[in-house]
Amino acid sequence: MVSLLNERDETRRHLLEKIETLTKARVIAYLANPNASPNFIDHNDPVFLNDLLESVGDTEVLDLIIDSPGGEANVAEKLAIMCREHCKVLRAIIPNSAKSAATMWAISSDKILMGYLSEIGPIDPQIRMVDPQGRITFVPAQSIIDSVGQIHQMLKAGVDQRVAIGLIQKLDPAIIDVANKAINFSSQFAERWLSQYMLKDDHAKAKEIAEALADNRRWLSHGKRIGIKEALDLGLKVEPINRKSDFWKLLWEYYGRAQMMMNATGTIKLFECKTTGINFSIGMQRMPLPRRPPEPSP
């Protein structure tokens, strides 16, 4: 089993090497296992990403292959800062899905590369709540704010005041304040990074896109798919990847092999480049991969 996994690791790393040959840039990958938990962007990630970036070193262009359902926005910003520290040009490559805080990380780049299966998503924040049964749930911040207006409309429509009062009593003013600030943070995050890099020559457009991505009323669902066309319509700098190109075929094979490995081994997240790999699993197990031996001279 170990030799088989090593062989799989070697194959993936060789695919990253081939991708680098095509893109003429250094490539790193941050992939989350959709079937494992906790697979969100969190406080553990900077440690492992730093190891990966130090392995790659400083480079002119850094390509970040990212697949993640999102997570902590503050950590996503730290990951963006770390990537920026190691390169002059950052490109985000999305084989499948980079949602929520992962979208925020992606738009810190100079350009996003997307294939026909790729998607980003809205960045409207989700507030962690505990339901009456003690279960943790996530509620859109905008929904919490909108609920106040809905109760007001109910009162204007003549609904029994006792019903309205019962609903009002369930609203925590502190949570409403947190929701407002979370929305402002997401929008300001996007505007700041877009203005600094991807849309540095069009700050008005950066502000417009930031507000659009953070607008829950526009997308209705936090999981809404924003594909190539929608991303281009928003005004993001997106480079489509032809699904018949060698680049897409290599990228999708790498992504597929990585997902199969993570499912087979219980890996939660994978940090990888052509010379190094770190598997994050239960117990924070770190598994550096051996370097490939140099190719023999002709």
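The values are calculated or read from the model by the stated rules, or taken from the named source; none is laboratory data. Owing to the predicted nature of the structure, the values given are computational and were not obtained by experimental measurement. All Cβ positions, glycine included, derive from the backbone under ideal geometry; neighbour counts span all protein chains shown.
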Quickly run through segment 43-87 and pick out the residues that are touching a strand residue (DSSP E or B) at 6+ places or on another chain (Cβ under 8 Å) and among the acidic types (Asp, Glu).
45, 51, 58, 60, 63, 67, 72
So is residue 96 polar (S, T, N, Q), closer than 29 Å to residue 141 by Cα and either without any contact (Cβ under 8 Å) to a residue 12 or more places away in the chain or out of contact with any Asp or Glu (no Cβ under 8 Å at 6 or more places or on another chain) (or both) or not?
no
Does residue 76 satisfy the criteria of being among the small types (Gly, Ala, Ser) and surrounded by 22 or more Cβ atoms within 10 Å (Cβ to Cβ)?
yes
Identify the single condition in (1) outside any strand (DSSP E or B); (2) modelled with pLDDT under 95 that residue 279 does not satisfy, given that it satisfies every other one.
(1)
For segment 207-257, which residues satisfy the criterion of being within 19 Å of residue 69 (Cβ to Cβ), surrounded by fewer than 18 Cβ atoms within 10 Å (Cβ to Cβ) and of a type in the set (Gly, Ala, Ser)?
221, 223, 227, 256
Candidates 112, 127, 81, 93, filtered to the one that is at pLDDT below 95 and either more than 20 Å from residue 48 (Cα to Cα) or not in a loop (DSSP other than H, G, I, E, B) (or both)
127
Lone qualifier among 72, 7 - being within 14 Å of the chain's Cα centre (by Cα), at pLDDT below 95 and not polar (S, T, N, Q)
72
Subset of segment 41-69 (residues that are outside any strand (DSSP E or B) and free of Cβ contacts under 8 Å to residues at least 40 places away in the same chain)
42, 43, 46, 47, 50, 53, 54, 57, 58, 69
When segment 30-73 is checked residue by residue, the ones that are surrounded by fewer than 18 Cβ atoms within 10 Å (Cβ to Cβ) and among the polar types (S, T, N, Q) are 35, 37, 44, 50, 59
Scan segment 182-198 residue by residue and report those that are of a type outside the set (Phe, Trp, Tyr) and in contact with a helix residue (DSSP H, G or I) (Cβ under 9 Å, 6 or more places away or on another chain).
182, 183, 186, 187, 188, 190, 191, 192, 194, 195, 196, 198
Given the criteria touching a Ser or Thr at 6+ places or on another chain (Cβ under 6 Å) and modelled with pLDDT of 95 or more, does residue 206 qualify?
yes
For segment 214-239, what are the residues that are modelled with pLDDT under 95 and assigned to a helix (DSSP H, G or I)?
216, 217, 218, 219
